[in-house]
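Read the structure below first, then the notes.
Rule-based calculations on the coordinates, nothing more; no lab input. Values in this document were obtained by computation on a predicted structure and should not be read as measured data. Don't worry about glycine lacking a Cβ; one is built from the backbone with ideal geometry, like all the others, and counts go over all protein chains shown.
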Amino acid sequence: MIFRPMQDPTSSTWTYLLADEATREAVLIDPVFEQHRRDEALIRELGLTLTTVLDTHCHADHVTAAWLHQQTSGCAVALSRTYGARGVTRPLDDGDTVSFGRHVLAVRATPGHTAGCLTYVLDEGVMAFTGDALLIRGAGRTDFQQGSAATLYRSIHERIFDLPDTCRICPAHDYNGRTWSTVWEERIHNPRVGGDARERDFVGYMDNLALPHPKKIDLALPANLQSGRPEDGLVPGEVTWGPVTVSYAGVHEIDPAWVAAHRDAVHLLDVRDPDEIDARLPAVDGALLIPLGTLRDRLDSVPQDKPVVCLCPAGRRSAMAATILHKAGWEAVANVRGGLFAWVRDGLPL
Ligand SMILES: [Fe+2]
């Protein structure tokens, strides 16, 4: 199985990409709005099809990317039915299952942090995506969103600690960079709810946390009740001048065939050194030739009236050129995916 945890550094949220290696069907758990392009790029680069986006609960600290992923991939949007959130196409109840290829996520209601918190259990206890119910050596706060420490204690003990000892605990957050834990570990070592902690010990602990009000709650809750759909209904950062995608490495890329078919719509910037231009890899007609090593000093020579598309043999150095132009203020700039090698391989005109 493909398993890829990805962290949002701002909210310390863990997003999990899970996929069946054979069928390439994928699900994404707790995606973050601002990381939509990153996650989408990894799904594309791994050759996966996103079938469902699941949130473990209605988050108060960040906005979900569920709606964004649905717009760009057509995937289903899954969340507990409890919240009545708009845009949810698969309202979930305790006992439901969500499949991807040969793998199954079983839905367990684990309320207490919020009334609608769900834990997703993979393949009968291989992993459990516990949201903010059970954290690594912690548990989610219970002082807002219909939270209840007594309810959370019972959820953890009856619906998470009954999973196999080896079941990997994958929480929605960790503020100390920790990746995962196990049921056994948390049952023994969790300082809030593990060891001999009784319900009243846990309630006493949680009622005295005195945490500050979450910074983003006033923005995040209403947005998450719309599955993260922005008020204007537009996907932010969408490039309109051409079919530009952003790679997992963060590079804006464009298909060579599109560039060849739209030569008049863009400036082509070839960043090879002069001695690399030969009969085997000649310059593309009309391309501007500025070697990468001199680009920063020659920005005045790069026109701004049309999008700039960067090119070099393998498409690696030209990615740096695109980054230099981006940082210097060019908004419409992209790298030719695969570079001149791909250009030649595709039989495009030189
Ligand atoms: Fe939460």
For this session: Check every DSSP H run in the chain and write down those whose alpha carbon atoms cover 18 angstrom or more along the long axis and whose mean Kyte-Doolittle hydropathy is 1.6 or greater.
Result: none
For this session: Give, as a single signed number, the net charge of other residues whose beta carbon lies under 12 Å from the beta carbon of Ala78, with Lys and Arg counted +1 and Asp and Glu -1.
Result: -2
Exercise. With charges only on Cβ, +1 for K and R and -1 for D and E, what is the dipole size of the chain about its Cα centre, in debye, rounded to 20?
Worked result: 160 debye
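Over the chain, what is the relative contact order in whole percent, taking alpha-carbon pairs under 8 Å and six or more residues apart? All intermediate terms of the calculation are to be shown ahead of the outcome.
Numbers: 721 pairs, mean separation 45.1, N = 350.
Averaging sequence separation for qualifying contacts and normalising by length gives 13 percent for the chain.
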Exercise. Between region 221-247 and region 37-101, what's the alpha-carbon centroid distance in Å?
Worked result: 15 Å
Exercise. From the phi of every residue in region 116-128, what ³J(HN,Hα) in whole Hz does the Karplus formula 6.51 cos²θ - 1.76 cosθ + 1.60 yield, where θ is phi - 60° and glycine or proline is x?
Worked result: x, 4, 10, 10, 9, 9, 8, 6, 6, x, 6, 9, 10
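Using the Cα centre as the reference, give the magnitude of the dipole from point charges on the C-beta atoms of region 1-125 (Lys, Arg: +1; Asp, Glu: -1; all else neutral), rounded to the nearest 20 debye.
Details: 10 positive and 16 negative charges, 49 e Å.
Computed about the Cα centre, the dipole is about 240 debye.
If each DSSP helix of 4+ residues adds -39,500 (n - 2.57) and the sum is divided by the residues in the chain, what number results at 222 nm, nearest 500 deg cm²/dmol?
On the way: 10 runs with 76 residues, N = 350.
Taking each H run of at least 4 residues, the total per residue is -5500 deg cm²/dmol.
Considering only DSSP states other than H, G, I, E and B, which GluC sites (Glu not before Pro) in region 243-350 qualify as loop sites with at most 14 other Cβ atoms within 10 Å?
Numbers: sites: Glu253, Glu276, Glu331; in loops: Glu331.
Here the sparse-neighbourhood loop sites are Glu331.
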Exercise. Rg to Rh for region 9-154: what is it, with Cα atoms only and Rh by Kirkwood?
Worked result: 0.95
For this session: Enter the per residue convex hull volume of the chain, computed from alpha-carbon coordinates, in Å³ rounded to the nearest integer.
Result: 155 Å³
Exercise. How big is region 1-82 by the Kirkwood estimate over distinct Cα pairs, in Å?
Worked result: 12.6 Å
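Which chymotrypsin sites (Phe, Trp or Tyr not before Pro) in region 175-261 pass both tests, a DSSP loop state and at most 12 other beta-carbon atoms within 10 Å? Can you show the working numbers first?
Numbers: sites: Tyr175, Trp180, Trp184, Phe202, Tyr205, Trp241, Tyr248, Trp258; in loops: Tyr175, Trp180, Trp241, Tyr248.
Answer by residue number: Tyr175.
Would you please calculate the Kirkwood hydrodynamic radius of region 38-85 over all C-alpha pairs and express it in Å, rounded to one decimal?
Values: mean 1/r = 0.0857 Å⁻¹.
Here the Kirkwood hydrodynamic radius works out to 11.7 Å.
Of the beta bridges DSSP finds with both residues in the chain, what % are antiparallel, to the nearest 5? If you can, show how the numbers build up before the last one.
Values: 31 of 57 bridges.
Expressed as a percentage, antiparallel bridges in the chain total about 55.
Counting only C-alpha contacts under 8 Å and six or more residues apart, can you give the relative contact order of region 245-345 as a whole percent?
Working: 161 pairs, mean separation 35.0, N = 101.
It rounds to 35 percent for region 245-345.
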Exercise. Looking at region 166-244, which GluC sites (Glu not before Pro) are in a loop (DSSP not H, G, I, E or B) and have at most 11 other Cβ atoms within 10 Å?
Worked result: Glu231, Glu238
Exercise. For region 171-289, what is the relative contact order in percent, using Cα pairs closer than 8 Å and at least 6 residues apart in sequence?
Worked result: 10 percent
Exercise. Roughly speaking, what is the centre-to-centre gap between region 125-145 and region 333-350 when only Cα atoms are used, to the nearest Å?
Worked result: 48 Å
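Using the 2.2 N^0.38 Å rule of thumb for compact globular proteins, work out how region 245-345 stacks up: its C-alpha Rg over that value, please.
Details: Rg = 12.2 Å, N = 101, 2.2 N^0.38 = 12.7 Å.
Normalised by 2.2 N^0.38 Å, the Cα Rg of region 245-345 equals 0.96.
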Problem set entry | Unit charges at the beta carbon, dipole of the chain: most positive-side option, Val126, Leu209, Pro349 | Leu209
